[in-house]
Amino acid sequence: MRSHLLVVTLVVTIAAVVASVLLISTQPASAAPTGGVVRIHTQGDKIYDQYGRVLLLHGVNSVDKSDGPLIVPGNGYTITAPMAATLARHGINNIRLGVSFQGLMPTRGQLDHAYLDRIAAQVEILASHGIRTLLDNHQDGLGSPWGGNGFPAWSIHARPAPGESNPGFPMNYLMPSMSAGWSEVWNNTYGVLDYLGQALGALTARVQGHPGVMGIELLNEPWPGTGFLTCYPFGCPGFDAKYQRALTTLTNAVRAKDPSMTVFWEPNVTWNQLMPSNLGRSAPIPPNVVFAPHDYCIPSQLAIYLGLPQELRTACPLQHGVTWGNVNSLTARTHIPTVIGEFGDNDASILDNTLDPADKHFTGWEYWPPAANTYPLDSGPVADKLVRTYPQATAGMPQRMQYDSGNGDFAYRYSPGPAARPTEIYVSDIKYPTGYIVNVVGGGVTSAPNARIVTIAASGGGPVTVKINRPGSAGITLPSGNDGGSVGASGSSTGSAALGGVVGLFGS
């Protein structure tokens, strides 16, 4: 969710050479090719498709938090076939689709099969346009007794006390009664985790084997409950050990229905307040799990939504540096891949603080739009940042990538490896008004002229370098070395200790 809990702080060989130069015509490139999506899986800190290619995921969020019914065509939240076609044309290859525990099981033990069918239909629409779906079990504010959504009211026994003030989301996370409700979840006091496992198991069974399903995210932005203060200012290994046991229980419920399902784990929500995650410290993380943190800028939101001075945004690189340092620390410890589940802030000026490190680390992302299903990708400052030329699938191992969002210059180097399909590079449909040039060293272009997806075949075992840029541009010269998927390259895993301070909450 874009709205989230915040801390206000002061607060980032050439073995063979074959050159292939292709000048594309001055006409706009053709639409994205059709073709089915395939299942994904993880290996080490990378995500792969079934052809053995390393994937890079660029996506957006689609989350309906209304009272329902959810995912109903025409309700303003559900993605239609024309919308999916537009998103795919702009290089979006996945959607983080919000689903609701309350919608899945509105009555204790009783599943809403019509809702499950609507979810499956949305997955099918997206897959028909080459877009994978991450099914995100979304909550904000726990449930309806606190004006929130996600957990059905019957599943939580805690209630606001008479006279207990409710300041609204997200300040209501500090209400003692809500923290008590979250503690019920982590202690499974009244079987709430068991019921949630049943609901997620049913969801898994309904979409089992569908190639369009990227995975299931177990829970959006979980609050630690009554022990939340133990998370400040260095993170909370005690709570995270309990939280990991809960995540493992839910993962087992999903895998009981589909053993190959990729599962996404979020850190507890104090991550958004710069606290590091301790997932993977108390026990190993199961196979085929993706880390799914968020990357928001506190000062930017304060400036936008509270009318505070715009100069606050100058602190954003520092905050994002801490977040990426915490990502690096977890990656080094657990060796699992990361996809940034949410970022955005409705502030184009800070998007590079997420996008540049994501490119450097070959990390996927999912943008949170300024309004539900409103994706400013056709033109403008957000489109300039998000509609990027990038390798959607690499037949080998990424080494280094760089993209200039100002003029569309792109350079990418990878070491080729065995794969059943070629490397595929999406070319931005808004950055090259007079066409573009492709230059390949160590391989050649195998796609047709005007292709939106450029395919590359290696000519030997040496590195392959691909450059794409406008005619007349000198393009990008990549430095030597390898930083694709590297860790420890930016930020500080202990930065939250220096930046932790006054707890503030903000959102909409």
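The values are calculated or read from the model by the stated rules, or taken from the named source; none is laboratory data. Here the structure is a predicted model, which is why all the values come from computation and not from measurement. For neighbour counting, all protein chains shown are included, and Cβ atoms are generated from backbone atoms with ideal geometry for every residue, glycine included.
Checking the conditions here, which among P82, P73 is out of contact with any Ser or Thr (no Cβ under 6 Å at 6 or more places or on another chain) and either modelled with pLDDT under 95 or in a loop (DSSP other than H, G, I, E, B) (or both)? Walk me through how you get there before you give the answer.
Working: P82 fails: either modelled with pLDDT under 95 or in a loop (DSSP other than H, G, I, E, B) (or both).
Exactly one of P82, P73 is out of contact with any Ser or Thr (no Cβ under 6 Å at 6 or more places or on another chain) and either modelled with pLDDT under 95 or in a loop (DSSP other than H, G, I, E, B) (or both), namely P73.
Considering only residues that are out of contact with any helix residue (DSSP H, G or I) (no Cβ under 6 Å at 6 or more places or on another chain) and crowded, with 20+ Cβ neighbours inside 10 Å, look in segment 100-111 and name the one that is farthest from D136 (Cα to Cα).
Taking segment 100-111 first, the residues out of contact with any helix residue (DSSP H, G or I) (no Cβ under 6 Å at 6 or more places or on another chain) are 100, 102, 106-107, 109-110.
If we keep only those that are crowded, with 20+ Cβ neighbours inside 10 Å as well, we get 100, 102.
Numbers: S100: 8, Q102: 13 Å.
The residue in question is Q102.
From the list V263, V207, which residue is touching a strand residue (DSSP E or B) at 6+ places or on another chain (Cβ under 6 Å) and either at pLDDT below 95 or surrounded by fewer than 24 Cβ atoms within 10 Å (Cβ to Cβ) (or both)? Give the derivation first.
Numbers: V263 fails: either at pLDDT below 95 or surrounded by fewer than 24 Cβ atoms within 10 Å (Cβ to Cβ) (or both).
The unique qualifying residue is V207.
Quick one: which residue in G235, G280, G201 is in contact with a Lys or Arg (Cβ under 8 Å, 6 or more places away or on another chain) and in a loop (DSSP other than H, G, I, E, B)? Spell out how you get there, then give the answer.
On the way: G235 fails: in contact with a Lys or Arg (Cβ under 8 Å, 6 or more places away or on another chain); G201 fails: in a loop (DSSP other than H, G, I, E, B).
Criteria check complete, one pass: G280.
Which of the residues that make up segment 226-241 are surrounded by fewer than 18 Cβ atoms within 10 Å (Cβ to Cβ), hydrophobic (A, V, I, L, M, F, W, C) and more than 16 Å from A283 (Cβ to Cβ)?
Once the filter is applied, which keeps residues that are surrounded by fewer than 18 Cβ atoms within 10 Å (Cβ to Cβ), hydrophobic (A, V, I, L, M, F, W, C) and more than 16 Å from A283 (Cβ to Cβ), segment 226-241 yields L229, F234.
Considering only residues that are under 22 Å from Q50 (Cβ atoms), more than 22 Å from the chain's Cα centre (by Cα) and buried (at least 20 other Cβ atoms within 10 Å of the Cβ), which ones fall in segment 397-421? Outline the logic, then answer.
Here is the first cut: in segment 397-421, the ones under 22 Å from Q50 (Cβ atoms) are 397-398, 414-421.
Within this subset, residues satisfying the condition of being more than 22 Å from the chain's Cα centre (by Cα) are 414-421.
Matches in segment 397-421: Y414, P416.
Quick one: would you say P170 is modelled with pLDDT under 95 and not hydrophobic (A, V, I, L, M, F, W, C)?
On the way: modelled with pLDDT under 95: yes; not hydrophobic (A, V, I, L, M, F, W, C): yes.
For P170, the condition - modelled with pLDDT under 95 and not hydrophobic (A, V, I, L, M, F, W, C) - is met.
Being more than 30 Å from L135 (Cβ to Cβ), touching a helix residue (DSSP H, G or I) at 6+ places or on another chain (Cβ under 6 Å) and of a type in the set (A, V, I, L, M, F, W, C) is the filter here, so list the residues in segment 268-325 that pass it. Talk me through it step by step, then tell me what you get.
Going through segment 268-325, the residues more than 30 Å from L135 (Cβ to Cβ) turn out to be 299, 302-303, 306-318, 321.
Going one step further and asking which of them are touching a helix residue (DSSP H, G or I) at 6+ places or on another chain (Cβ under 6 Å), we end up with 299, 302-303, 308, 310, 312-313, 315-317.
L302, A303, L308, L312, A315, C316, listed by residue number.
Just name the residue that is surrounded by the most Cβ atoms within 10 Å (Cβ to Cβ) out of those in segment 283-331 that are part of a helix (DSSP H, G or I) and of a type in the set (F, W, Y). Please lay out each step first, then the result.
Just the residues of segment 283-331 that are part of a helix (DSSP H, G or I), to begin with: 298-305, 310-331.
When the remaining residues are screened for being of a type in the set (F, W, Y), the result is 305, 324.
On the way: Y305: 14, W324: 30.
Selected residue: W324.
Check segment 129-141 and report whether any residue there is outside any helix (DSSP H, G or I), farther than 17 Å from G98 by Cβ, of a type outside the set (F, W, Y) and under 21 Å from the mean Cα position of the chain (by Cα). It would help to see each step written out before you state the result.
Just the residues of segment 129-141 that are outside any helix (DSSP H, G or I), to begin with: 129-141.
Imposing the further condition that a residue be farther than 17 Å from G98 by Cβ reduces the set to 129-130.
Filter once more, so that each one left must be of a type outside the set (F, W, Y): 129-130.
Right, trim to under 21 Å from the mean Cα position of the chain (by Cα) and you get 129-130.
Yes; the residues of segment 129-141 include at least one that is outside any helix (DSSP H, G or I), farther than 17 Å from G98 by Cβ, of a type outside the set (F, W, Y) and under 21 Å from the mean Cα position of the chain (by Cα).
Spot the failing condition for L312; the list is (1) in contact with a Pro (Cβ under 9 Å, 6 or more places away or on another chain); (2) within 22 Å of L57 (Cβ to Cβ); (3) not hydroxyl-bearing (S, T, Y), and only one is missed.
It fails just one condition, (2).
Go through (1) modelled with pLDDT under 95; (2) surrounded by 22 or more Cβ atoms within 10 Å (Cβ to Cβ); (3) at positive phi and name the single condition L142 misses.
All conditions are met except number (1).
For T338, which of the numbered conditions (1) over 18 Å from A241 (Cα atoms); (2) touching a strand residue (DSSP E or B) at 6+ places or on another chain (Cβ under 8 Å); (3) surrounded by fewer than 24 Cβ atoms within 10 Å (Cβ to Cβ); (4) of a type in the set (S, T, Y) fails to hold?
For T338, the failing item is (3).
Let me confirm something: among H90, H157, which residue is touching a Leu at 6+ places or on another chain (Cβ under 6 Å) and more than 29 Å from L302 (Cα to Cα)?
Details: H157 fails: touching a Leu at 6+ places or on another chain (Cβ under 6 Å).
Result of the check over H90, H157: H90.
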